[in-house]
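Reading through the structure tokens given below for one structure.
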There are 2 protein chains.
Amino acid sequence: MATLKQVAAHADVSVQTVSNALNAPHRLKPDTLRRVTRSIELLNYKPNRNARSLRTSAVELIGYCVPSWPHGQTHLVMDQFLHALCTAAERTGRHILLFTAPTGIDGMPVYDDLHARRLVDGFVLSQTETHDPRHGWLKEQRIPFVSFGRVWKETTQPGPYVDVDGAAGCATAVRHLYETGRRRIAFLSWPRTSGLAEDRLAGWRTTCKELELPTKDLAIRCPEDMIDEGARATAKLLDAGLEAGTPVDGIVAISDILALGALRELTARGLTAGVEVGVTGFDDSPLASVVSPALTSVRQPIDRIATELIALLTDSPAPADPATGGTERLLQPELVIRGSSAPG
Amino acid sequence: MATLKQVAAHADVSVQTVSNALNAPHRLKPDTLRRVTRSIELLNYKPNRNARSLRTSAVELIGYCVPSWPHGQTHLVMDQFLHALCTAAERTGRHILLFTAPTGIDGMPVYDDLHARRLVDGFVLSQTETHDPRHGWLKEQRIPFVSFGRVWKETTQPGPYVDVDGAAGCATAVRHLYETGRRRIAFLSWPRTSGLAEDRLAGWRTTCKELELPTKDLAIRCPEDMIDEGARATAKLLDAGLEAGTPVDGIVAISDILALGALRELTARGLTAGVEVGVTGFDDSPLASVVSPALTSVRQPIDRIATELIALLTDSPAPADPATGGTERLLQPELVIRGSSAPG
DNA sequence: CTGAAAGCGCTTACAG
DNA sequence: CTGAAAGCGCTTACAG
């Protein structure tokens, strides 16, 4: 393996000049640069990153804690997210270092350790929880990080974040169902403890009110994000609608999984999603396009999210540019319309 | 941030002794060790890994290329696998570095680069393809790697691998269906180009023959791993069975996704999985336990796989121990029985 | 525009 | 059992 010194000898310059050829080529006379570049190629020289990192004390590595899921649950777009995150990091010459850590505050020593030993420069946080203690802790330790997802219900968000406007996403879903003729639109949610859920639910509620649609008894909180729960909640909604003579004709689900449960219950009752009842999910996971009828779903802009995360983490402190500045980005999701809400 | 030197000064020993306290504590007099340890804790000293790596030229980082999937496809157990891989790596003091690369041979310069710049010590390969060119290339370059999955149809496997005995998994599934009374067991497969598929199919075929069950026209190759394809293939099987007066009563699917398609088609025809037809999948993905009836599925021992991968990659060249030695591990999967094959 | 020197924070033989 | 010295391969002020 060639070293700087060998390249320097080969090109008959000092090591410093080779280093400059790599890191500040404009400082070299074009002729010298050419000669050095040729030697680099000839010797197939690749700079040793450990030596560089030792000197600069930047490793160009970003830590990401692999979430561990309770059995039966899964992050259906996690591989997409990781791929996007890697790609975004690589565009800036960085990479993602994976690690595991206990949930919540108990995991913080792991973060501290990775940073102190200089295995990473900083962290991308995801799976943000309501009152997530990690953000405040990292900020206090002056460990660089950026969060995918807001810390809900705090007065101020500690540190930079990127998030998706869930309320707007659900609002779009409600409007879409309204435009396709639905007038009694229910919402399948998660427990109240989730700030994320409250945000999305608020989008549903507000939009229903705007459109003068009913909301009473139409929001159901499923205790877990499981297909069965979605089916159960849908059954309850359909039964109540029948009894009252006001059948539900639209269902906005807070996740694709719950939406899948809704689809299953409809099928079980001989109803067709997109015909009698319009159904929408959230996340546009791979499953959405694979069931039939395919699931209309709110898609988070994953590539954009990844790009912004890396930008916030690695850019020099933004100069408060009113347009792109600041350290908070709320991105707009997009409704992907398929058969479950609009037959044809 | 404390350095070795500072700790040495604080403990009134040489830096070398502090280093030894960390890396070879047995060399120190118990008393000295105690004193040094105290200083380390007091100063909250964490060794700089870049300095260490520069010196030892080992980074304790393992590269893993995040697969990119065609839209609508997903690796349902990828998050489980990554979690297991991370955990296994961390047990040996290592971590996983994620990167992206073009598929096949085109990606090799990326691997080479990561290794040459000393960002990683070696690689874990997955998504192994038939005739995968990466293994041979890496071996030739003397870049350490281990493969999850065999390179099929080659005379010899280049380099170490861990794989799951797919044939045995499918054999178990067939036997289970047989034991629950099924006598006409079909197989839902992938295209012939997949060595993995041929292996699993062979397990089905051999076991059927052993049990004197029919196999003719009972293996269907779905062009893609999608729910719709599984449903379509199942429809074809059921139709053919009806016509011939010999109804299919068992379906072994090569993946959970295809099995899900089978379940859907059964439901659409008013049949119940586990009653009229027993169905099994492969992978025991999160979806398996979430549909209803829940899906019987062949589970790959993910934690074991991860542990073996890390062991093969990082252990000193095994001394040809007849028991655990060698660089090839074929692990046995396990059938997880649920309602889709056995009601109640 | 180019080069000689110092130093990033460790570990590794080697002496004592 | 402990320490003085060299060196891993870079980059960074600083001179020239």
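The values are calculated or read from the model by the stated rules, or taken from the named source; none is laboratory data. Quick caveat: nothing in here was measured; it's all calculated off a predicted structure. Here the Cβ is made from the backbone with ideal geometry for all residues, glycine too, and neighbour counts use every protein chain on show. Note: areas computed on protein heavy atoms with side chains; ligands, DNA, RNA excluded. Shrake-Rupley method; radii C 1.70, N 1.55, O 1.52, S 1.80 Å.
Below, the figures for the structure above:
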| read-out | value |
| --- | --- |
| Residue satisfying condition, being within 13 Å of DNA strand D (Cβ to nearest atom), small (Gly, Ala, Ser), at the interface with chain B (Cβ under 9 Å from one of its Cβ atoms) and within 30 Å of B:MET78 (Cβ to Cβ), within set A:SER57, A:SER53 | A:SER53 |
| Residue match in region A:64-78 (condition: within 25 Å of B:ALA116 (Cα to Cα), at pLDDT 90 or above, facing chain B (nearest Cβ under 10 Å) and away from DNA strand D (no atom under 13 Å from the Cβ)) | yes |
| Residue that is most open to solvent (accessible area, probe 1.4 Å), among those in region B:244-255 that are among the aliphatic types (A, V, I, L, M) and more than 25 Å from the chain's Cα centre (by Cα) | B:ALA244 |
| Selected residue (criterion: modelled with the lowest pLDDT) from residues of region B:144-166 that are open to solvent by 20 Å² or more (accessible area, probe 1.4 Å) and more than 29 Å from B:VAL59 (Cα to Cα) | B:GLU154 |
| Criterion: surrounded by fewer than 16 Cβ atoms within 10 Å (Cβ to Cβ) and either in a loop (DSSP other than H, G, I, E, B) or of a type outside the set (Asp, Glu) (or both) - qualifying residue of A:GLY270, A:GLY281, A:GLY241 | A:GLY270 |
| Answer from A:THR17, A:THR37, A:THR32, A:THR56 - the residue that is within 14 Å of DNA strand C (Cβ to nearest atom) and surrounded by fewer than 16 Cβ atoms within 10 Å (Cβ to Cβ) | A:THR56 |
| Meets criteria (at pLDDT 95 or above and over 31 Å from the mean Cα position of the chain (by Cα)) for B:LEU238 | yes |
| Close pairs (8 angstrom Cβ cut-off, 6 or more residues apart or separate chains): within 14 Å of chain A (Cβ to nearest Cβ) in region B:18-41, within 9 Å of DNA strand C (Cβ to nearest atom) and not in a helix (DSSP H, G or I) anywhere | B:LEU22/B:PRO47 |
| Search result, residues across region A:4-14 that are within 8 Å of DNA strand C (Cβ to nearest atom) and open to solvent by 50 Å² or more (accessible area, probe 1.4 Å) | A:ASP12, A:SER14 |
| Top-ranked residue in region B:156-173 [being in contact with a strand residue (DSSP E or B) (Cβ under 6 Å, 6 or more places away or on another chain) and among the β-branched types (Val, Ile, Thr); ranked as nearest to B:GLY122 (Cα to Cα)] | B:VAL162 |
| Some residue of region A:79-99 being farther than 21 Å from B:LEU114 by Cβ and either within 9 Å of DNA strand D (Cβ to nearest atom) or facing chain B (nearest Cβ under 7 Å) (or both) | no |
| Among the candidates B:GLY181, B:GLY166, residue that is more than 14 Å from chain A (Cβ to nearest Cβ), within 16 Å of the chain's Cα centre (by Cα) and not hydrophobic (A, V, I, L, M, F, W, C) | B:GLY166 |
| Of all residues making up region A:100-143, the number that are assigned to a loop (DSSP other than H, G, I, E, B), open to solvent by 50 Å² or more (accessible area, probe 1.4 Å) and either in contact with a helix residue (DSSP H, G or I) (Cβ under 6 Å, 6 or more places away or on another chain) or facing chain B (nearest Cβ under 9 Å) (or both) | 1 |
| Residues of region A:149-171 that turn out to be without any contact (Cβ under 8 Å) to a residue 60 or more places away in the chain and not basic (Lys, Arg), as a count | 9 |
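Yes/no per residue for (1) outside any helix (DSSP H, G or I); (2) touching a residue at least 24 places away in the same chain (Cβ under 8 Å); (3) surrounded by fewer than 20 Cβ atoms within 10 Å (Cβ to Cβ):
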position	(1), (2), (3)
B:THR193	yes, yes, yes
B:ARG200	no, yes, no
B:GLY203	no, yes, no
B:LYS209	no, no, yes
B:PRO214	yes, yes, yes
B:ASP217	yes, no, yes
B:GLY230	no, yes, no
B:ALA233	no, yes, no
B:LYS236	no, no, yes
